[in-house]
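Notes to accompany the following structure.
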Amino acid sequence: MNEVRNRVVVIGTGAVGSSYAYGLLNQGVADELVLIDLNEDKAEGDVMDLNHGLAFAPSAKKIWRGSYKDCKDADIVVITAGANQMPGETRLDLADKNSAVFRKIVNAVMEHSFDGIFIVATNPVDVLTYVTWKYSGVPKERVIGSGTILDTARLRFQLSEYFDMDARNVHAYIIGEHGDSELPVWSHANIGGISVHRYIERHKNKYSEDDLEPIFHKVRDAAYHIIEKKGATHYGIAMGLVRLTRAILHNENSLVTVSAYLDGHYGQTDIYAGVPAVVSRKGIREIIELNLTEAEEERFQASAAVIRNTVESIYPSH
Ligand code: NAD
């Protein structure tokens, strides 16, 4: 019987890609890890460094600096290559340069008959996930963007701090563009099953509805603050990508907020945007359509328009 080995190829071993590789190694996700970067020394150095940690890892793994040929037998190709935001730059400002980078990368992957799942993290992620789907011709459910996975985790963290509660017991989504137009879905936010609104009402002396929007602003603007301080954000997104990878490889049917292809969902067609979705070994199994309030619905449509306009500016045949 052939041994089944899960192979993940990471393209772009900068701050995000190398943190992701480190996260995979530490959490024992995937059996084979292939690193590719334009900067071959960076990828080679990362491989050497990661291999030196194997003796301390939870499971054995084979790690090497690879080439696009290695995509042939890959289960997942994760793209974290491309330009990062400079201080003051928005994610959308990166669309032109990173879509040019993606054309080359996706073509190179597909030249080697890749037949797995793409995960995209490079910004603007919703736009580049769409571009990856178009350039690759892979079925839409097998192209997944990291979308608002990180923003959702940031929101859960901020709410857990505010309510002094374990983040794993706080449930709330950020949906829409992974960027300035994203929105919180307060109507479905809950603490252990109790809606955030009711929870606040029950503890009026301690909490206030007026604090919710400033909490969201901290989430929305988090990347700007981190980039100002240290030039890049990478640990949080790397852990989100590991979570997504595990959900796929272990066929978990887990609900995560990722950039998924909308085909009539939330009133949108032919666009990738951050929504809650069920992820399995086959990719996106199902998109969960939340009943949004009128105000949330309006904000979501405006956010989708931002993504659509950017896609149209770089991909005119859209
Ligand atoms: P970085 O500059 O540290 O790394 C980028 C890497 O890509 C570099 O090592 C570079 O050599 C490589 N690269 C560039 N062109 C390439 C090509 N054609 N083929 C192979 N490799 C190539 O940047 P970073 O901080 O790791 O950020 C990477 C991307 O991830 C950025 O677009 C950033 O905005 C994005 N990001 C996304 C999220 C999210 O939530 N989705 C969070 C943080 C960062």
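The values are calculated or read from the model by the stated rules, or taken from the named source; none is laboratory data. Note that this is a predicted model, so its numbers are computed, not measured. For neighbour counting, all protein chains shown are included, and Cβ atoms are generated from backbone atoms with ideal geometry for every residue, glycine included.
Contact map, region 78-93: first residue without any contact (Cβ under 8 Å) to a residue 40 or more places away in the chain, second residue within 10 Å of the ligand (Cβ to nearest atom) and part of a loop (DSSP other than H, G, I, E, B), Cβ cut-off under 8 Å, separation 6 or more or different chains; pairs are D93/Q85.
Once region 184-243 is narrowed to residues that are of a type in the set (S, T, Y) and at pLDDT 95 or above, the residue that is nearest to the ligand (Cβ to nearest atom) is T233.
Yes/no per residue for (1) under 21 Å from Y235 (Cα atoms); (2) touching a helix residue (DSSP H, G or I) at 6+ places or on another chain (Cβ under 9 Å):
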position	(1), (2)
K97	no, no
R103	no, yes
I119	yes, yes
A153	yes, yes
D180	yes, yes
L183	no, yes
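For region 1-28, residues that are part of a helix (DSSP H, G or I), more than 6 Å from the ligand (Cβ to nearest atom) and hydrophobic (A, V, I, L, M, F, W, C) total 3. Of a type outside the set (K, R) and at pLDDT 95 or above: does that describe H265? Considered against the rule, which asks whether it is of a type outside the set (K, R) and at pLDDT 95 or above, H265 comes out as yes. Can you spot a residue in region 81-89 that is closer than 25 Å to R142 by Cβ and outside the structural domain of V279 (by TED's automatic domain parsing)? Within region 81-89, one or more residues are closer than 25 Å to R142 by Cβ and outside the structural domain of V279 (by TED's automatic domain parsing). Taking region 76-98 as the range and being modelled with pLDDT of 95 or more and surrounded by fewer than 21 Cβ atoms within 10 Å (Cβ to Cβ) as the test, no residue passes.
Condition check ((1) surrounded by 23 or more Cβ atoms within 10 Å (Cβ to Cβ); (2) touching a Lys or Arg at 6+ places or on another chain (Cβ under 6 Å); (3) outside the structural domain of H265 (by TED's automatic domain parsing); (4) of a type in the set (D, E)) across all residues:
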| position | (1), (2), (3), (4) |
| --- | --- |
| I119 | yes, no, yes, no |
| V127 | yes, no, yes, no |
| V138 | no, no, yes, no |
| A153 | no, no, no, no |
| F157 | no, no, no, no |
| I175 | yes, no, no, no |
| P184 | yes, no, no, no |
| I191 | no, no, no, no |
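Take the residues of region 29-55 that are more than 14 Å from the ligand (Cβ to nearest atom) and not in a loop (DSSP other than H, G, I, E, B): which is nearest to I79 (Cα to Cα)? Lay out the reasoning, then the answer.
Step one: of region 29-55, the residues more than 14 Å from the ligand (Cβ to nearest atom) are 29-33, 48-55.
From the residues that got through so far, the ones that are not in a loop (DSSP other than H, G, I, E, B) too are 32-33, 48-51, 54-55.
Working: E32: 16, L33: 13, M48: 21, D49: 21, L50: 19, N51: 21, L54: 24, A55: 27 Å.
Among residues in region 29-55 that are more than 14 Å from the ligand (Cβ to nearest atom) and not in a loop (DSSP other than H, G, I, E, B), the one nearest to I79 (Cα to Cα) is L33.
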